[in-house]
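The values are calculated or read from the model by the stated rules, or taken from the named source; none is laboratory data. Quantities reported herein were computed from a predicted structural model and do not represent experimental measurements. Positions of Cβ are backbone-derived with ideal geometry, glycine not excepted, and every protein chain shown enters the neighbour counts. Ligands, DNA and RNA are excluded from the accessible area calculation, which covers all protein heavy atoms including side chains. Shrake-Rupley method; radii C 1.70, N 1.55, O 1.52, S 1.80 Å.
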Amino acid sequence: MYQLTFDTQAFIKQQWQKKPIVIKQAFANFEDPIAADELAGLACEEEISARIVVTKDSGWEVIQGPFEDYDTYGESHWQLLVQAVNHWYPDSQPLVEAFRFLPDWRFDDLMVSFATPQGGVGPHIDNYDVFIIQGEGERRWRVGDKGDHKVRGGDKTSPLVEDFEPIIDVVLEKGDLLYIPPGYPHCGETLTLALSYSIGFRAPSQQELLTQLADSLIDTNSGHKRFESDSESAEPGMVSQSQQQGIMHLLAELANQPDKYQTMLGQLLSQNRFELDICEGEEALDTDELVDLISQGASIARIGGLKVLRLEGDLNSRLFINGEVYPLATATEEELLTLANENWLENEQAQQLCGNNEIASLMVTLINQGLYYLAE
């Protein structure tokens, strides 16, 4: 349904994480996967992360959802942004699928915005890659070059920056795409009532990696090796450079020991930042019932946004799902990759996979947890 018109492999080589680019008509005959009133309805729900940004003479006011009505905001100068729409609105999933030429572990979420004329969020810098697809309406986007951009208001925790000299200045129309790598300042201005789709890709920071690694070492009661040296500084108050490097080398050693980092990495990369739409059944299923339902033609599907990952070169036969570890000692590498790659297991695939009792048992566990569900 949503087919990109450009060469994705050429894009990865030439633009990905290198420089911003505008691709006119990246989608031919683009149709909005969600209507403005449906988006507004999602933003009324307690579980869904949504906000309204109001443009004022003095700056931008952010109001966190959920929202009961929108009449007070008027007909211009505001924008509604709803995160992780792909978790809650299945019809948006095909748009996400178009970007699976990039790995699932990088994928963050699909954010959808409805903007009135003169609505926007101000000049800002993101620390992740983003594809902005224009739906109904028109928005003007300006993108600046990387550099030392002054933080707006002196708040170093805010992504807002002072205005910048644009290297891209373009009006996006339906089906157009703007790609922006991390670190490039950008600003959108709404010209007419508009729907926009932001597909974000995020990688872990050093802070996140070290925090997760520390937690993993504590959980497994490992990482006890201490620094040793055969020489000491002549100055009692001095820490020598060689000792500084030696101490930090203890961390570098962990990076070369897969048994120390693989579990941590799989758990971290399979987590979601936003709440999932868990779909638990009324009654728990058992393996016999699952096999019987599949024999009657049922397929098996993941809920929106669920990450199922396999680590290349993993020392263990397992999958990482939503931050948890699921051992599958009897599964082949082909079966593991099928489970990791496929959001929807057609009936024939489901029958083949569930011929392995261990996989059938896993599917029952995941269905009973509400992470997978049976479909026609």
### Task
Considering only Asp277, Asp126, Asp37, give the residue with the highest GNM mean-square fluctuation for the chain, with springs between Cα atoms whenever their separation is below 10 Å.
Asp37
### Cα centroid separation, segment 78-154 to segment 1-56 (Å)
6
### Query
Using a simple spin-label model with points 7 Å from Cα along the Cα→Cβ vector, what separation in nm is obtained for Glu346 and Glu324?
3.0
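With a sphere of radius 14 Å drawn around the Cβ of Gly297, what net charge do the other residues whose Cβ falls strictly inside it have (Lys, Arg +1; Asp, Glu -1)?
-4
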### Query
Per residue, how much accessible area does segment 1-121 have with a 1.4 Å probe, in Å²?
50
## Note on the structure
Rounded to a whole %, the carbon-and-sulfur portion of the accessible area of segment 6-49 at a 1.4 Å probe is 47
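Quick check on the chain: helices-only [θ] at 222 nm, where DSSP H runs of length 4 and up contribute -39,500 (n - 2.57) each and the sum goes over total residues. Nearest 500, please.
So the calculated ellipticity at 222 nm is -7500 deg cm²/dmol.
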### Message
Let me cross-check Cys44: its accessible surface, 1.4 Å probe, with only protein heavy atoms counted, in Å² to the nearest 10?
### Response
60
### Query
Given a cut-off of under 8 Å on Cα pairs at least six residues apart, what relative contact order in percent is computed for the chain?
16
### GNM result for the chain, Cα springs below 10 Å: residue of Gln134, Gln245, Gln349 fluctuating most strongly
Gln245
### Message
Excluding same-chain pairs closer than 8 in sequence, count the lysine pairs in the chain whose Cα atoms lie under 29 Å apart.
### Response
24
### Message
Given the whole protein assembly as supplied and a 1.4 Å probe, what does the accessible area of Leu315 come to in Å², nearest 10?
### Response
110
### Message
Once R0 is set to 35 Å, what does the formula 1/(1 + (r/R0)^6) return for the Cβ-Cβ distance between Lys13 and Ala234, expressed as a FRET efficiency to the nearest 0.05?
### Response
0.10
### Query
What part of the accessible area of segment 204-289, given as a whole %, is carbon or sulfur when the probe is 1.4 angstrom?
48
### Message
In Å², and per residue, what accessible area does segment 149-262 have when probed at 1.4 Å with the other protein chains present?
### Response
63
### Query
Which whole-number percent gives the relative contact order of segment 282-376, counting Cα pairs below 8 Å spaced six or more residues apart?
41
